[in-house]
Amino acid sequence: MRDLAKNIRLPSIDDLFSTEEERQDAKLEKIQILPLSELHPFEGHPFQVRDDEEMDKMVDSVKEYGVMTPAIVRPRRDGGYEIVAGHRRCHASRRAGVDTMPCIVRDMDDDTAIILMVDSNCQREHILPSEKAKAYQMKLEAINRKLGRPSKENVRQVGAHFSGNRSTQIIGETAGDSSRQVERFIRLNKLTPDLMQLVDDGRLKTTPAVELSYLTPEEQEEFLSYMEEEGCTPSLSQAQKLKAASKESVLTKDKIHGIMSARAPGVKPREPQLTIAVSKVERYFPKGCTSEQMESTILKLLENYYRKRQDYER
């Protein structure tokens, strides 16, 4: 009888004097207005918060209407809240001179928070390849931790809650990429920072960059020096040959030159390329201007200069 009495749970005073509707309402997530000073960025957040044209528009919107969509945050062990979704809204609020922001506070473990953080950002229109690469890697690791170590019969990393899909398929279905595309983006994390920057700038295409990621860091630096000296970028075929030479441990400076300078019979040599780093000229252009727009503007200015010089010489 004593054991039975211990297992009997008496209702609380709140339960006795509250309705079922009130008890269910208490379980719902509430929007809270939190001070920006208590909001902290997500640890390892892979997405940049840029002061570009889109941010300027968001700042104007916050000034006029406030933040329309609440951020999602979770409590921090050290106090305050960690932003899971809403970093750009938080930054726009600070720029707009606003001190608070509507948030939904949600308790969640690290892996759940990572998956939600990645999913809430991957739908954005402008995402750099490096951002997507880091985000996909973080989500892949989080999903695999949730799934646990696969059994011998389940070597493709699947689980009961994921309909038999591979982890990369799960990521791709949410982001609108194929499983193969997800794997390529994740592979880009093996690039050195300088080569990754070329991919972000649009000067190195993603597909050849994936092949270059199999080179050792030292080989990548050697190849980068060659690219800058010659003003060239590799084709997919050339990148694949560089990868094969690296695998055989024969990718020397001379080998790089041989692969890059060789051309198929009947193919005319490429015209010399003039390459200007975006970082050297971006201050002369409006925020958010693409490399193609910069190139077009520079060519127009040179054409105007040439015409004026011709008129002067006449």
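A few remarks follow.
- Averaging Cα coordinates gives a centre for the range 166-202 and one for the range 84-148; these two points are 17 Å apart.
- The residues of the range 34-119 expose, per residue, 51 Å² of accessible area to a 1.4 Å probe.
- Distant-in-sequence amide contacts of residue 101, defined by a placed amide H-H separation under 5 Å and a gap of 5 or more residues or a different chain, comprise 34, 36.
- Taken along the Cα-to-beta-carbon direction at a fixed 7 Å, the label points for residue 254 and residue 98 span 6.5 nm.
- Nearest-10 value in Å² for the accessible area of residue 241, using the 1.4 Å probe: 110 Å²
- Gain in span if fully extended, residue 60 to residue 32, counting 0.36 nm per residue against the direct Cα distance: 7.8 nm
- Sites residue 294 and residue 43, calculated FRET efficiency, Cβ-Cβ separation with R0 41 Å, nearest 0.05: 0.75
- Measuring with a 1.4 angstrom probe and ignoring ligands and nucleic acids, residue 68 comes out at about 140 Å² accessible.
- The accessible area of residue 203, taken with all protein chains in place and a 1.4 Å probe, comes to roughly 80 Å².
- Ordering of 117-126, 300-309 by packing is 117-126, 300-309, highest average first (other Cβ atoms within 10 Å, averaged per residue).
- Rg and Dmax of the range 23-111, based on Cα coordinates, read 13.6, 46 Å.
- Solvent-accessible ranking of 60, 177, 107, largest area first, probe 1.4 Å: 107, 60, 177
- Spherically averaged projected area of the convex hull of Cα atoms, the range 176-229: 3.7 nm².
- Rounded to the nearest 20 debye, the dipole magnitude of the range 205-256 is 300 debye, with +1 charges on Lys and Arg beta carbons, -1 on Asp and Glu beta carbons, and the Cα centre as origin.
- Solvent-accessible area, 1.4 Å probe, carbon plus sulfur percent, for the range 177-265: 47 percent
- Stretched out straight at 0.36 nm per residue, the stretch from residue 120 to residue 216 would grow longer than its current Cα-Cα span by 31.2 nm.
The values are calculated or read from the model by the stated rules, or taken from the named source; none is laboratory data. Every value quoted in this text rests on a predicted model; they were computed, and no experiment measured them. A quick note on method: Cβ atoms are made from the backbone with ideal geometry, for glycine too, and the neighbour counts reach across all protein chains shown. Ligands, DNA and RNA are excluded from the accessible area calculation, which covers all protein heavy atoms including side chains. Shrake-Rupley method; radii C 1.70, N 1.55, O 1.52, S 1.80 Å.
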